[in-house]
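The values are calculated or read from the model by the stated rules, or taken from the named source; none is laboratory data. Predicted, not measured: the structure shown is a model, and the values here were computed from it. So basically every Cβ, Gly included, is an ideal-geometry build from the backbone, and we count neighbours across all protein chains shown.
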Amino acid sequence: MFINTNKSIKVKSNDGKIFEVKTGWIGEVPEWVAEHWYFKALCKDGTVTAIVSSRPVKAAVVAPPKEQTPDAKAELETLRKRAAELKIPKSSNLGKDKLTAAIAEAEAKLQQKDDNIDPGKKEPVDDNVDPGNNEQTGGE
């Protein structure tokens, strides 16, 4: 049985067992305590609040924290540096998968921006000019 106490309590059994808790204690009580007449009286007068449920309680399953290898840490640091270069907001809070996706998205936008530059502003490229001597190589 799970309880909450409003006062310090001490329950003694006939065979010498003692159960003692302080004010505000919340937790499980042994079965022998739950069956004791004094404990039942404490529940009745409100000193102890018994929390009873008709359905079973499932324990929460918490995955243990993942340990990072030095290679994984270095890879994550590299990704964070690239994210900083791309000015991705809150990149230091992202995990590897989300960080990789954010970088890919930012790089795609950057590439699209570069592709959309007005062609009139780019220097024209003449395929007939040898870049080494600035003379035309083909034609008539």
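Rundown of residues vs (1) of a type in the set (A, V, I, L, M); (2) modelled with pLDDT of 75 or more; (3) surrounded by 10 or more Cβ atoms within 10 Å (Cβ to Cβ), yes/no style:
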{"residue": "Ala72", "(1), (2), (3)": "yes, yes, yes"}
{"residue": "Ser92", "(1), (2), (3)": "no, yes, yes"}
{"residue": "Val129", "(1), (2), (3)": "yes, no, yes"}
{"residue": "Gly138", "(1), (2), (3)": "no, no, no"}
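Arg55 is checked against (1) surrounded by 10 or more Cβ atoms within 10 Å (Cβ to Cβ); (2) modelled with pLDDT under 70 and fails just one. What number does that condition carry? Condition (1) is where Arg55 drops out. Just one of the listed residues (Phe2, Phe19) is surrounded by 15 or more Cβ atoms within 10 Å (Cβ to Cβ) and not acidic (Asp, Glu), namely Phe19.
Taking the criterion of being surrounded by 10 or more Cβ atoms within 10 Å (Cβ to Cβ) and hydrophobic (A, V, I, L, M, F, W, C), the residues of segment 105-117 that qualify are Ala106, Ala108, Leu110. Among the residues of segment 5-16, those that are exposed (fewer than 13 other Cβ atoms within 10 Å of the Cβ) and either within 12 Å of Val48 (Cα to Cα) or in contact with a Pro (Cβ under 8 Å, 6 or more places away or on another chain) (or both) comprise Ser8, Lys10.
Taking the listed residues Val11, Val48, the one that is in contact with an Asp or Glu (Cβ under 9 Å, 6 or more places away or on another chain) and modelled with pLDDT of 90 or more is Val11, with no other qualifying.
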